[in-house]
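Student: One structure, as structure tokens, below. Some questions next.
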Protein chains: 4
Amino acid sequence: MSRENPEPTVRDVADWWATSVSRVEPNLIELRGRPVQDLIGSISFPGVIWLMLRGEPATPGQERLLEAALVSSVDHGPHAPSIAVARMAATCGVGLNNAVATGVNLLGDVHGGAGEQCMRMLSEIAAGAAAAEVVGRWRAHSKYLPGFGHRFHTVDPRRDPLLGLVERAVADGTVEGAHLRAARAVEELLADGRDRPVPINIDGCTAVVYGELGFPPPLARGLFVLSRSVGILAHAWEETGQGRRNKGPMPPSILPTPLGREQIPWPGEDPAPS
Amino acid sequence: MSRENPEPTVRDVADWWATSVSRVEPNLIELRGRPVQDLIGSISFPGVIWLMLRGEPATPGQERLLEAALVSSVDHGPHAPSIAVARMAATCGVGLNNAVATGVNLLGDVHGGAGEQCMRMLSEIAAGAAAAEVVGRWRAHSKYLPGFGHRFHTVDPRRDPLLGLVERAVADGTVEGAHLRAARAVEELLADGRDRPVPINIDGCTAVVYGELGFPPPLARGLFVLSRSVGILAHAWEETGQGRRNKGPMPPSILPTPLGREQIPWPGEDPAPS
Amino acid sequence: MSRENPEPTVRDVADWWATSVSRVEPNLIELRGRPVQDLIGSISFPGVIWLMLRGEPATPGQERLLEAALVSSVDHGPHAPSIAVARMAATCGVGLNNAVATGVNLLGDVHGGAGEQCMRMLSEIAAGAAAAEVVGRWRAHSKYLPGFGHRFHTVDPRRDPLLGLVERAVADGTVEGAHLRAARAVEELLADGRDRPVPINIDGCTAVVYGELGFPPPLARGLFVLSRSVGILAHAWEETGQGRRNKGPMPPSILPTPLGREQIPWPGEDPAPS
Amino acid sequence: MSRENPEPTVRDVADWWATSVSRVEPNLIELRGRPVQDLIGSISFPGVIWLMLRGEPATPGQERLLEAALVSSVDHGPHAPSIAVARMAATCGVGLNNAVATGVNLLGDVHGGAGEQCMRMLSEIAAGAAAAEVVGRWRAHSKYLPGFGHRFHTVDPRRDPLLGLVERAVADGTVEGAHLRAARAVEELLADGRDRPVPINIDGCTAVVYGELGFPPPLARGLFVLSRSVGILAHAWEETGQGRRNKGPMPPSILPTPLGREQIPWPGEDPAPS
């Protein structure tokens, strides 16, 4: 060791792993300074999500809004890549946790990250920028406007209930409403001169909720992860029960060769397509 | 294509991806047969977790118990490998979803899977087998009894509130109580002849809850994944804010070489330790 | 701190992370005791794989056999789940490393793990057990015999070249031949009374190679991971170049609704199917 | 289905999964148009990596250079997060493939992605831009210059052998040398006015090799993934043999509580720190 530096100590390691999220000592567990035994049975699951991410408890109104957003995005069917890969993983002989992790790993910038990008856009408008200018700038570098439009839905069935809840939260003073107004300004802008409007989608709606609640943009993706994990788990679990091995994207009957359809497994044959 | 087999059709592909978890069509999203717009704002987050996994809604009593279990296991500090790896991932330039997936990927047979194993053991006792015989059989092939004992806690602070809630649920008829009795039988058996009892731990307590609620054993792990994802996300997010790059297990000050401690980064230097 | 125990020191942490795989100090990197600068340009890539896993360098004959096995299993098309999920991940806005990790995560007990199981079976026969007895025991608890049979191939094109190389390695004394003889005994056993033989597949062939080379069974899976990572990377990279976003298992044209086919993306629409 | 659109067919699905990487039909496997049986035993492992990524075989000189780069970056000790998390995963009861995937998942923009960024910078200089201008521009938006400097090494022991091999490849006409000259120009620029030079590191050296060989920048990360997977596997495998359960970043002896050090596991106790 060099002379100039003090000897490193165990304290260095403890500091390296220091956290304000939780404290664990013998017979003591605190989450954000609150003993876990005081939380079990008295705080809701969305309430503990808020507490863990924000450090302070939510008000009942905040919790209600967060809960609605978490409920709204749990699933969008097995055609979404995150769900499909989790189902496929569940047939490959890995743990259920590995199947869920596989799905979550796909919620990247394009799949689950649109909410994060949409919140950045709405926050800029909410802070005073003109919607036309912000949207124009976004379009200059991207074909897509995050949080708006959907290839399935002309009106996303999740839009009205979610925005309706935000409206009521504005009315009762729970939230301020600037992100909601920003989202509507963008919708109007996109509808202009079109037969069919380009509706706000689920990424956009939850960006409104999380923005109103004061979450930073990256947590729009983080909260989407917690929500979609429910659907990922439910699908992986359903797949587990169907007994397939090595499920690929295409059923054996349409694999590119006739043999794929004709061949009957022999007893003792391992069909793993390595 | 062969003569004996009908031509494969698009239907084959649709069937291959068929699911009873959700239905998605233009302007329609159903979760377990329920339109999503009817759920947003009226069902709780634990309620939708139950619905997605079980196919039917929970009763209020079932939901309360599930919620308490989900709250109880969100975090156990950064010394747990699942949390530590998520914090490390957050410093490596990957998405927040990738950091969460990294943590969830570690909730395997040993880390988050003890609940699953414990539920199998308790279910056997609940179904009538003698505790001594089941525990004895388990010990014959393993050094550890899943769900019992903890290296930190002599009494896990999560034990009493969770088992207390199960007791009340037995009293009001929400659950039957056989898993709770099985857990107590094992605790008594383990206390016999010891100065200090070997307490049931969080994996065991949640196994009691999920067993009483009728979840199959693999979902003890699945539900633990949903719960612990909250702590994983909170820790990864906190780490993101600390600006470290390539965080390893040991702080630079105690890396095995003096240089690790002396060297001051030059402007323009990339400290990535590849 | 308690009296009975010495104060923990930084040494505890260093020991916790001690390894014999590599040594890294300022301006020094050793792999298994060999300075990295002596290896670069003089050892082959399979040679360094052997060195890292075994601790000692391979002979040229061992290296040749290992290399052939690594080459043989790099890819089996996008219908294999590991390849498919990596391609899907590549369209979701995550890093190329995350796409590869997603594919590798699926090489579990059923997908890439058959080689490990097959090696256990062959090792037992190689050690003197009767093939009929070992195969019979395996069949009693599983529908599949790991390493034998394939749903595509009646004769796997990788079989003859790989087993031929093992034969030559037996002839020149590089390996002993017991695993090769065991594999042939199983093939004969399975052919008995059938019109078409149940051929050894790639998992079985590489199990023969790795078994002859003295690798422990879990490394049959480990080496398969290194090999298949090449195909996973090549496919993920090809997909990256095709510009799809959120690629699911089914093309939009056969999604369950007509809207999926009719709808033309508006400018500004984000088609992400969250 | 709508009138305007043709009925979707099975062909749509096949096209959706079409690839030029490999072709798999009954008893036929082709990698980039070459029958796999012609490759086994005749192509090297780096050779098949090149073939799969580039579509054409490498020349012997190209293969030698690629092999040296792959060898050079297999490991940098357990203090690198990718290695550490794989070792931790190996103690959590998941498959060896899951442990490797966990490590690979961390090779993101900051950890393994510096080579990709460095190659972009060097390619710009190689194409004619002034080094000072490119470096200046990079510094304006980042504290770090990718591929240069190291917190351990004043001279990375991998630098001289790798750059020496590139020099020889320039001399014999295998590569052109523009990336090598660019890297040296940056080194000179960084040395100017400093006591100690800021040396090129392994990410920079391999960026030179891969750039000279004509790989696109994202494959600098892709090839690093293949190389570092070897170290990740070797470390995960070593850890597997040490019998730890739930290995966290800190040894139990320095966990924040005395109990962590005193407590002796009871028979039957599960030490899982959930």
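Student: Which residue, chosen from A:LEU96, A:ALA207, A:ALA131, occupies the Cα position most advanced towards the positive end of the dipole of the stretch A:44-248, where the dipole is computed from +1 (Lys, Arg) and -1 (Asp, Glu) charges on Cβ about the Cα centre?
Tutor: The Cα lying farthest towards the positive end belongs to A:LEU96.
Student: Okay, moving on. Could you work out, residue by residue across C:240-247, how many beta carbons of other chains sit within 10 Å of that residue's beta carbon, and then give the average as an integer?
Tutor: Taking all residues of C:240-247 together, the mean is 4.
Student: Alpha carbon centre of the stretch D:207-235 versus the stretch B:55-129: separation in Å?
Tutor: 35
Student: Here's something else I'd like to know. Summing Lys, Arg as +1 and Asp, Glu as -1, what charge do residues with Cβ under 13 Å from the Cβ of D:ALA14 carry, D:ALA14 excluded?
Tutor: Its environment carries a net charge of -2.
Student: Ignoring ligands, DNA and RNA and using a 1.4 Å probe, state the total buried accessible area between B and D in Å², rounded to the nearest 100.
Tutor: 6200
Student: Taking the highest mean first, how do the peptides A:164-177, D:119-132 order by number of other beta carbon atoms within 10 angstrom per residue?
Tutor: Output ranking for A:164-177, D:119-132: D:119-132, A:164-177.
Student: Using a 1.4 angstrom probe and counting only protein chains, how large is the accessible area of C:GLU187 in Å², to 10?
Tutor: 30
Student: Taking a label point 7 Å from Cα toward Cβ, how far is D:PRO35 from its twins in the other copies, in nm, shortest first?
Tutor: In nanometres, ordered from closest: 4.8, 6.1, 7.6.
Student: Could I ask something else about it? Carbon-plus-sulfur fraction of the accessible area of the stretch D:107-162, 1.4 Å probe, in percent?
Tutor: 55
Student: If you put +1 on each Lys and Arg Cβ and -1 on each Asp and Glu Cβ, how big is the dipole of the protein assembly as shown around its Cα centre, in Debye rounded to 20?
Tutor: In total the dipole reaches around 0 debye.
Student: Using a simple charge model, +1 on the beta-carbon of Lys and Arg, -1 on the beta-carbon of Asp and Glu, nothing else, what dipole does the stretch A:44-248 show about its Cα centre, in debye to the nearest 20?
Tutor: 720
Student: To the nearest whole number, what is the average tally of beta carbon atoms from other chains within 10 Å of the beta carbons of peptide B:206-214?
Tutor: Shielding by partners across B:206-214 averages 0.
Student: Any idea of the accessible area per residue across the stretch C:49-208, 1.4 Å probe, to the nearest Å²?
Tutor: 31
Student: Dipole of the stretch D:44-248 (Lys/Arg Cβ +1, Asp/Glu Cβ -1, origin at the Cα centre): which of D:VAL166, D:VAL74, D:LEU107 lies farthest to the positive side?
Tutor: Value computed over the given set: D:LEU107.
Student: If you take each beta carbon of peptide D:114-125 and count the beta carbons of other chains within 10 angstrom, what is the mean?
Tutor: Neighbouring Cβ atoms belonging to other protein chains average 1 per residue here.
Student: While we're looking at this one, here's another question. Between beta-carbons, use under 14 Å as the cut-off and find the net charge around D:ALA236, counting Lys and Arg +1, Asp and Glu -1.
Tutor: So the surrounding residues net to +2.
Student: A:ARG23: net charge of surrounding residues, Cβ under 12 Å, Lys/Arg +1, Asp/Glu -1, itself excluded?
Tutor: -1
The values are calculated or read from the model by the stated rules, or taken from the named source; none is laboratory data. Computed from a predicted structure; not experimentally measured. Quick reminder, even Gly has a Cβ in these numbers, built from the backbone with ideal geometry, and neighbours come from all protein chains shown. Areas reflect the complete protein model, heavy atoms only, side chains present, ligands, DNA and RNA absent. Shrake-Rupley method; radii C 1.70, N 1.55, O 1.52, S 1.80 Å.
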